[in-house]
Amino acid sequence: MKYSIGEVAKKLNLTAYTLRYYDKEGLIPFVERTPNGIRMFKESDLDALKVIECLKSTGMPIKEIKNFIDWCSEGDASLQQRYDLFMERKATVFAQMEELEKTMELIEHKCNYYKTALDAGTEEIHKNNKIEGF
């Protein structure tokens, strides 16, 4: 089955502009075009776009994602580089998760702070806390 750029955008919750940008940056060189130049996406193209979006969500720059796409086209010769890239991304995401856990702890603390203050009708109940209500 083939999909238009609009169908792919809708399926992946992206914009057609984003898909065109990815194409311009060389991230989707595998996408076929009709004789009129219209992009037609296969199911495997959607899978590749999901990987691109995954890498992007980890904060990986477009240039590095392009390197990954280039490695994919090299086949088995680049297996080690691709493995190393995903191991590095795994470490990056793990560090992001740890940061988010710390952030969530502070947010939970502040939720409890304000709930307790609301229940008491005043922030004075917390006057001896290290973190003020600001």
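With respect to the conditions (1) in contact with a Lys or Arg (Cβ under 6 Å, 6 or more places away or on another chain); (2) open to solvent by less than 40 Å² (accessible area, probe 1.4 Å); (3) within 25 Å of Val93 (Cα to Cα); (4) of a type outside the set (Asp, Glu), Ile52 falls short on a single one, namely (1).
If Tyr3 satisfies all but one of (1) crowded, with 17+ Cβ neighbours inside 10 Å; (2) within 19 Å of the chain's Cα centre (by Cα); (3) hydroxyl-bearing (Ser, Thr, Tyr), what's the number of the condition it fails? Evaluating Tyr3 over (1) crowded, with 17+ Cβ neighbours inside 10 Å; (2) within 19 Å of the chain's Cα centre (by Cα); (3) hydroxyl-bearing (Ser, Thr, Tyr) leaves (2) as the failure.
Here's the yes/no breakdown for (1) open to solvent by 60 Å² or more (accessible area, probe 1.4 Å); (2) not acidic (Asp, Glu):
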{"site": "Lys11", "(1), (2)": "yes, yes"}
{"site": "Leu19", "(1), (2)": "no, yes"}
{"site": "Glu32", "(1), (2)": "yes, no"}
{"site": "Phe68", "(1), (2)": "no, yes"}
{"site": "Gly75", "(1), (2)": "no, yes"}
{"site": "Ala95", "(1), (2)": "no, yes"}
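Step by step: first the residues of segment 55-66, then only those that are in contact with a helix residue (DSSP H, G or I) (Cβ under 8 Å, 6 or more places away or on another chain) and not in a helix (DSSP H, G or I), then the one that is most open to solvent (accessible area, probe 1.4 Å). Which residue is that? Step by step, filter segment 55-66, then rank; the result is Gly59.
On inspection, Glu108 does not qualify as exposed (fewer than 10 other Cβ atoms within 10 Å of the Cβ) and farther than 24 Å from Ser44 by Cβ. So, Glu88, is that one outside the structural domain of Tyr3 (by TED's automatic domain parsing), open to solvent by 90 Å² or more (accessible area, probe 1.4 Å), at pLDDT 95 or above and more than 28 Å from Lys10 (Cβ to Cβ) or not? Taking the combined requirement at face value, the residue does not satisfy it.
Quick check, is Gln80 outside the structural domain of Ala9 (by TED's automatic domain parsing), surrounded by 12 or more Cβ atoms within 10 Å (Cβ to Cβ) and free of Cβ contacts under 8 Å to residues at least 60 places away in the same chain? In short, no.
Restricting segment 9-54 to residues that are aromatic (Phe, Trp, Tyr) and in a helix (DSSP H, G or I), the residue that is nearest to Asn67 (Cα to Cα) is Tyr22.
The values are calculated or read from the model by the stated rules, or taken from the named source; none is laboratory data. Predicted, not measured: the structure shown is a model, and the values here were computed from it. FYI the Cβ positions are ideal-geometry reconstructions off the backbone, even for glycines, and counts take in every protein chain you see. Note: accessible area is taken over every heavy atom of the protein model, side chains too, but ligands, DNA and RNA are not part of it. Shrake-Rupley method; radii C 1.70, N 1.55, O 1.52, S 1.80 Å.
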